[in-house]
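A short write-up of the structure that comes next.
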Amino acid sequence: MSLDERFNEAAERVKLLTKRPTDQELLQLYAFFKQGTFGDNNTSKPGMFDLKGKAKWNTWNEKKGMSQDEAKEKYIAFVDQLMEKYKE
């Protein structure tokens with residue numbers, strides 16, 4: 001299976017979690033997904049009253065310089081970790 005296929009499969013598997021990951025885990029998932037899909041964050045930073053948007057922006061921005069393939073690998077590994085941690 002190619003990296004893209006494994007990445008897409010992980011994105012589907014994460015939707016099957018029966019327990020909600022922590023906010024920090026969700027932010028990491030978001031950041032690895034965005035970095036793997038779009039590369040470096042080149043969007044404007046959200047305004048100071050958009051706390052959720054700012055947290056997501058900052059976490060994605062921390063991945064700046066990471067290749068899309070590396071981000072995909074890290075996303076897949078992180079999904080595997082969460083599946084193990086939150087399985088029933």
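A few notes on this one:
- Of the three principal axes defined by the Cα atoms of the chain, the extents in descending order read 38, 28, 15 Å.
- Residue-averaged 222 nm ellipticity for the chain, from DSSP H runs of 4+ at -39500 (n - 2.57), nearest 500: -20500 deg cm²/dmol
- Net length gained if the chain between LEU3 and ASP40 were fully extended (0.36 nm per residue, minus Cα distance): 11.4 nm
- Region 35-60 residues near the modelled GLN24 label - backbone nitrogen below 19 Å, point 7 Å along Cα→Cβ: 52-60
- Sequence-separation-based contact order of the chain, relative, with Cα cut under 8 Å and 6+ spacing, percent: 46
- In order along region 6-21, the Karplus-derived 3J(HN,Hα) couplings, from 6.51 cos²θ - 1.76 cosθ + 1.60 at θ = phi - 60°, round to 5, 5, 5, 5, 5, 5, 6, 4, 5, 5, 8, 4, 8, 10, 7, x Hz, and Gly and Pro are given as x.
We did not get these values from a lab; they are worked out from the coordinates using the rules stated. Predicted, not measured: the structure shown is a model, and the values here were computed from it. Because the Cβ atoms are built from the backbone with ideal geometry, glycine has one as well, and the counts that use them run over all protein chains shown.
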